[in-house]
Amino acid sequence: MNGIPTVLRALYYGERALEQDLLATAERHPAEHEVHHVAIDLARWSHEHAERIARTVEPHGLHLPNPAVPPTAWQRTERPAHALEEPSEPDLRLLSDLRALHLAAAENSLYWEMLAQAAQATGDSRLLELSTACHPQTLRQMRWTNTMIKTLSPQLLSKANGPDEADGSKAKH
């Protein structure tokens, strides 16, 4: 047995998680029109990727859940601690969401790259076609989150209340 089923499974669940995270971000930030609408569009790509993976994996001995079924048990339950992980301010929450989306898309991108390399090495044209079709969209998801972080960070971080401002004890410089 080779490692291709392991990568396919990780990629399938990664795309499902990214889809759910994109939809949750769109729902949490309806006033940020670009974030709201683009996140919904990009979630469709991840859903399509999961469907394509599910249709392609049977020769590799995998039977993955139907992507149309809402996720429950496979959802991520723990995330690494981070300074922007659960901010109380909406502006910082948006940056935290974009950061998490970028990291999830980057992880998926690495799996797509691994799958493409393995497909080339083994001559598996179905897997190569799958990764060639889906990986560019994952890279586009990464570019969008990176662009949004670059665009929004200066404005949102400079106006967000830090802990010193929230309690009225801002340090004087």
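Using Cα centres only, tell me the gap between the range 111-132 and the range 1-27 in whole Å.
Distance between centres, Cα-based: 17 Å.
Explain nothing, just compute: Karplus ³J(HN,Hα) = 6.51 cos²θ - 1.76 cosθ + 1.60, θ = phi - 60°, for every residue of the range 60-67 in order, whole Hz, x for Gly and Pro.
Coupling constants for the range 60-67: 9, x, 9, 10, 9, x, 5, x Hz.
Under 8 Å for C-alpha pairs, at least 6 residues apart: give me the relative contact order for the range 12-71, rounded to a whole percent.
36 percent
Rank-order 21-32, 114-125 by packing density, defined as the average count of other C-beta atoms within 10 Å over each peptide's residues, highest first.
21-32, 114-125
If amide H atoms are built 1.01 Å from N in the plane of the peptide, which residues on other chains or at least 5 residues away come under 5 Å of the amide H of Leu64?
Counting only residues 5 or more places away or on other chains, the set is empty.
Read phi for every residue in the range 47-59 and hand back ³J(HN,Hα) as whole Hz from Karplus 6.51 cos²θ - 1.76 cosθ + 1.60, θ = phi - 60°, with x for Gly and Pro.
Working through the residues one at a time gives 4, 5, 4, 4, 4, 5, 4, 4, 6, 9, 7, 3, x Hz.
Any read-out appearing in this document is the output of simple, stated calculations on the displayed coordinates, not a laboratory observation. Since this is a predicted model, take the numbers as computed values, not measurements. In this analysis, Cβ positions are derived from the backbone assuming ideal geometry, glycine residues included, and neighbour counts consider all displayed protein chains.
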